[in-house]
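So the structure is just underneath, and the comments pick up after that.
Where a number appears in this text, it was derived from the coordinates with a stated rule and is not lab data. Keep in mind it's a predicted model, so treat the numbers as computed, not measured. Please note: Cβ atoms are built from the backbone with ideal geometry, for glycine as well, and neighbour counts cover all protein chains shown.
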Amino acid sequence: MRNITLADFSLQSPSCAAFIRAMREGTLPHALLITGESGTGKRTLARLCAMSLLCAAEDGERPCGVCNACVQVREETHPDLFVLRPEVPLRASDRAADKKPRRYIPVDDIRELVARAGEHSFEGRGRVFLIEQAHRMNASAQNALLKTLEEPVAGVTLLLVTDSPSLLLTTIISRCRRVSLSPWPTDYVEKELRAQGVEEGRARQAAYLSGGSIGQALRMAADEEWFALRKRVMDDFLGVERYSQVQEISARWKPRPPKKKEDAEEEEGESGGDALFDVLDELTRTALMTRLGQADAALLEGCPEAWRRMAGEAPLATFSALADAVAQARRLRESNVTWQAAVDRLLFTFARTLQPYRRRHD
Ligand SMILES: [Zn+2]
C-alpha cells in the first residue's frame, strides 16, 4: 500500500500547488484553512503539513516520513502537535469516561489551545495546532480563536480543516490562507485503488461512482453487498428477454417489511428497497454517459450484451425513458400493495427497451 504524498497533492488544485510550494520554501503563513468535499484528502494534507513543519530530517525532502518526529505526527503523539476535534476534549482531565461524545468544539478547548500556544516548543521546531471539523467550533470558540489569529504567536501554525467553511465566521476565513481541495480525477482515483489492491473492474467502477473522492471510492470498493446487489440487478433487469419471464423474476424482488423511521439508516444496501432503484438509476446513467462518450465503455463490464449494444447506439430518448420508468417505480413503491406491480412494470419496460438490441438467432 502506498501513502499519498505532497507530490500527489501538488497535482490537486492550483491553491494546493501554491500551498506546497510555500511549505517547501518555508514561507507558510501562520494560519491555514483546508477545505474541500469529503474524501478529497483534507486530513491527509493537514497531517503532511504538520509532518513537514516538525520533521527532524536535516536535509532532503520534508517530510521524510520516517524520522521519529514524522512517526510521532502520524501517531498523534508528537509533543508539539495538538489535535482538536469535536469528539475528544483537548485537556485529558475533561475526558471523563462517562461523558457523552461532544458534537462541538467548545470555548474551553480554544482557551487551552491559546495557553499552550504561548508555551515553548518541546523539540524547537515550532508547534502545530490542527483543528479538525473546524466548523464545529461553537460561536464563542470561534470568537476566542479569532484573537489568536489576529495576534499570531511566533512558531505557531494553525491548521483548520473543514468541509463546511460557510459555517465559520467570515473574520476567521479572512485571516487564514485558504487551500481548497478539488475532487480527484477519476483515473487517479482508479490508480490509487489499484495500488491498494482493489481488483481492476471494481476499481474502475468505484472510481467512476465516487465523484473524485478517494475515501468514498475505497468504501464503495469494499462494499460487497452493493456489488452483489448490482450483479443481481444486472442479471434480472438487464437480462430479462421475454415477457414470460417477468413473473418469475419479479417474484425474486419482494418488498421489505415496513420499518420504523429510526431504522432508516440501516436500510441501505437492502435488495428490496430504494437500493434496487438506485442501482437501476446508476446503470442507466452509466449507459447514457457511455453513449455520450463521457464514460469508458469498460464500465459496462459484466452487463449483458444487449445492454452494452444499447449503450453504444440507442437514441438518447431511450435513456430518459428508462430513467422515467425507474422514477415512476420509486413513487409506486411508497405502498407495499403496489410494489410487485411496480417491479413487473419495470421488468416489462427493460425487456421491451432492450428488445431491438438483442442478437437475432434465426
Ligand atoms: Zn521526518
Once both labels are modelled 7 Å past Cα along the beta-carbon direction, what's the ALA18-ASN68 spacing in nm? 3.8 nm
Per residue of segment 294-307, in order, report the coupling 6.51 cos²θ - 1.76 cosθ + 1.60 (Karplus, θ = phi - 60°) as ³J(HN,Hα) in whole Hz, putting x for Gly and Pro. 9, 9, 5, 4, 5, 5, 8, 3, x, 7, x, 3, 4, 5
Taking the number of other C-beta atoms within 10 Å as the exposure measure, put TRP184, TRP339 in order starting with the fewest. TRP339, TRP184
Quickly work out the GLN328-to-GLU151 label distance, labels modelled 7 Å from Cα along the C-beta direction, and quote it in nm with one decimal. 6.9 nm
Quick one: LEU316, LEU209, fewest Cβ neighbours within 10 Å first, how do they rank? LEU316, LEU209
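GLU61 to THR77: extension gain in nm, 0.36 nm per residue of separation minus the Cα-Cα distance? Could you put the intermediate results ahead of the total?
Working: separation 16, 0.36 × 16 = 5.76 nm, distance 2.22 nm.
Fully extending the segment from GLU61 to THR77 adds 3.5 nm.
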Sticking with the crude label model, points 7 Å out along Cα→Cβ, report the distance from GLN355 to ALA341 in nm, one decimal please. 2.3 nm
Fewest-first ordering of ILE214, ILE172, ILE131, ILE4 by Cβ atoms within 10 Å yields ILE4, ILE172, ILE214, ILE131
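Per DSSP H run of at least 4 residues, take -39500 (n - 2.57); add these up for the chain, divide by its residues and hand me the 222 nm value, nearest 500 deg cm²/dmol. Before the final figure, lay out the partial values.
Working: 16 runs with 171 residues, N = 362.
When only DSSP H runs of four or more count, the value is -14000 deg cm²/dmol.
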By how many degrees, 0 to 90 and rounded to 10, does the Cα axis of helix 42-54 deviate from the longest principal axis of the chain? 30 degrees
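Calculated FRET efficiency, MET289 and GLU87, Cβ-Cβ r, R0 45 Å, to nearest 0.05?
Details: r = 39 Å, r/R0 = 0.86.
FRET efficiency, MET289 to GLU87: 0.70.
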P(r) for segment 6-182, please, calculated from all Cα pair distances in 5 Å bins and given in %. 1, 8, 18, 21, 22, 16, 9, 3, 1, 0
For the chain, what is the Kirkwood estimate of the hydrodynamic radius, computed as the reciprocal of the mean inverse distance between distinct Cα atoms, to one decimal in Å? 23.8 Å
Please work out the FRET efficiency for the pair SER10 and GLU119, using the Cβ-Cβ distance as r and a Förster radius of 30 Å; give the result to the nearest 0.05. 0.35
Go ahead and run the numbers for FRET between ALA228 and ARG43, Cβ-Cβ distance against an R0 of 30 Å, rounding to 0.05. 0.45
What does DSSP give for the chain in terms of the percent of beta bridges that are antiparallel, rounded to the nearest 5? 5 percent
Lysine pairs with alpha-carbon atoms under 30 Å apart, the chain, spacing 8 or more or separate chains: 16
Relative contact order for the chain: what is it in percent, counting Cα pairs under 8 Å that are at least 6 residues apart? 16 percent
If I fit a long axis through the Cα atoms of helix 107-117 and take the longest principal axis of the Cα atoms of the chain, what angle between them do I get, 0 to 90°, rounded to 10? 50 degrees
Compare PRO101, PRO165, PRO63 in a GNM of the chain, Cα atoms joined below 10 Å, and give the one with the largest fluctuation. PRO101
